[in-house]
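Colleague: This is the structure I want to talk about, given as structure tokens.
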């Protein structure tokens with residue numbers, strides 16, 4: 001049965017002689033009547049993205065204007081970008097962003113893949129469920145709570161980590177104010193919060209792998225490790241490639257919520273990133289044009305990184321976003 005016949009069957013009308021535009025309208029109405037509960041569930045998420053991600057696109061023109069209290073704004077072309085690129089602070093925060101984002105891609109991104117592989121090897125359903133519940137929980141905590149937990153754990157006076165270090169004969173370290181360790185605190189806290197939850201997507205990819213592939217590998221004499229290497233991981237490659245490309249799009253974000261809650265006067269020079277810079281420009285100093293220019297710069301670089309990562313992934317794995 002063709003799609004046109006199915007549509008006619010659903011609508012109860014033979015639309016063989018109806019113009020194409022009318023047929024499309026009829027199929028749309030039939031689809032809305034049939035699937036409206038699903039569209040209703042999607043509506044809040046779509047509305048959120050429309051309001052916060054699509055409507056602000058129009059105001060990106062502010063990057064090329066001088067904002068005035070009394071409209072209209074004055075068109076200044078690339079002057080805001082020239083001011084931005086002439087600022088040494090911009091290059092400092094850009095360098096911090098690149099370092100932190102690279103550390104997260106290198107050390108955070110692979111962890112959910114490993115976690116999903118380990119969870120898949122647990123044969124006891126109850127044990128796996130208990131472990132999953134434990135490692136998913138941090139995802140539902142806000143960065144305010146997580147920052148408080150890490151500040152308490154890493155306190156140089158009475159934190160659990162420094163107490164263990166002292167017992168082992170090492171000097172206590174102020175991890176939250178030490179410029180050499182604070183970036184690693186960001187990486188570890190990100191792993192603790194997101195590794196369990198992000199492993200869900202990889203687990204779904206593993207469960208979608210045809211069981212016959214495992215049976216064939218077992219008949220060929222493959223052991224557990226060989227089945228993981230030759231069956232499980234190749235089956236996860238499309239999901240890994242897609243998520244890596246999407247992560248590259250957020251490369252220059254470095255998580256504002258995390259950084260702004262971990263930041264203090266001592267470590268600010270080390271973990272001050274583009275998003276905190278934009279936050280200060282826009283909300284603290286009221287330089288909306290410069291803040292918009294910095295945000296637009298980040299968005300353009302993110303789009304370029306997505307395209308590059310997509311092309312590289314297509315060349316190496318044959319898989320991409322489209």
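The values are calculated or read from the model by the stated rules, or taken from the named source; none is laboratory data. Because the structure is predicted, anything quoted here is derived from the model rather than measured. Methodologically, a virtual Cβ is constructed for each residue, glycine included, from the backbone with ideal geometry; neighbour enumeration extends over all protein chains shown.
Colleague: If you take just the helices (runs of 4 or more DSSP H) that sit entirely in the stretch 103-159, which of them hold at least 1 residues that are at pLDDT below 90 and closer than 21 Å to residue 203 by Cβ? Spell out the reasoning first.
Modeller: Details: elements: 110-120, 125-136, 143-153.
The qualifying helices (runs of 4 or more DSSP H) are 125-136.
Colleague: While we're here: Could you grab me the full set of residues in the stretch 169-186 that are under 24 Å from the mean Cα position of the chain (by Cα) and either farther than 30 Å from residue 239 by Cα or surrounded by fewer than 16 Cβ atoms within 10 Å (Cβ to Cβ) (or both)?
Modeller: 181, 182, 184
Colleague: Oh, and also: Which ones in the stretch 207-229 are surrounded by 14 or more Cβ atoms within 10 Å (Cβ to Cβ) and without any contact (Cβ under 8 Å) to a residue 60 or more places away in the chain? Let's see the steps before the verdict.
Modeller: We begin by selecting, within the stretch 207-229, every residue surrounded by 14 or more Cβ atoms within 10 Å (Cβ to Cβ); these are 209, 213-214, 217-218, 222, 227-228.
Selection gives 209, 213, 214, 217, 218, 222, 227.
Colleague: Please go through (1) over 30 Å from residue 148 (Cα atoms); (2) modelled with pLDDT of 90 or more; (3) surrounded by fewer than 17 Cβ atoms within 10 Å (Cβ to Cβ) for residue 257 and return the number of the only condition it doesn't satisfy.
Modeller: Unmet condition: (1).
Colleague: Within the stretch 307-319, can one find any residue that is touching a residue at least 60 places away in the same chain (Cβ under 8 Å), over 30 Å from residue 118 (Cα atoms) and more than 16 Å from the chain's Cα centre (by Cα)? Give the steps one after another, and end with the answer.
Modeller: Filtering the stretch 307-319 for residues touching a residue at least 60 places away in the same chain (Cβ under 8 Å) gives 308-310, 313, 317, 319.
Keeping just the survivors that are over 30 Å from residue 118 (Cα atoms) gives 308.
Narrowing further to those that are more than 16 Å from the chain's Cα centre (by Cα): 308.
Checked against the condition, which is being touching a residue at least 60 places away in the same chain (Cβ under 8 Å), over 30 Å from residue 118 (Cα atoms) and more than 16 Å from the chain's Cα centre (by Cα), the stretch 307-319 yields at least one hit.
Colleague: Using beta carbons and a limit of 7 Å, which pairs, at least six apart or on different chains, have the first residue in the stretch 161-172 and assigned by TED's automatic domain parsing to the domain that holds residue 149 and the second one in a helix (DSSP H, G or I)?
Modeller: Every condition considered, the pairs that remain are 161/153; 172/162; 172/165; 172/166.
Colleague: Report, by residue number, each residue of the stretch 254-283 that is closer than 20 Å to residue 86 by Cβ and free of Cβ contacts under 8 Å to residues at least 60 places away in the same chain.
Modeller: Residues satisfying the conditions are 278, 280, 281, 282.
Colleague: Checking the condition within 22 Å of residue 240 (Cα to Cα) and surrounded by fewer than 19 Cβ atoms within 10 Å (Cβ to Cβ), which residue from 300, 266, 308 passes? Even if it seems obvious, please write down each step before you answer.
Modeller: Numbers: 300 fails: within 22 Å of residue 240 (Cα to Cα); 266 fails: within 22 Å of residue 240 (Cα to Cα).
Exactly one residue qualifies, and that residue is 308.
Yes or no, residue by residue, for (1) at pLDDT 90 or above; (2) out of contact with any helix residue (DSSP H, G or I) (no Cβ under 6 Å at 6 or more places or on another chain); (3) farther than 23 Å from residue 194 by Cβ; (4) assigned by TED's automatic domain parsing to the domain that holds residue 181:
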| position | (1), (2), (3), (4) |
| --- | --- |
| 252 | no, no, no, yes |
| 303 | no, yes, yes, yes |
| 309 | no, no, no, yes |
| 322 | no, yes, yes, no |
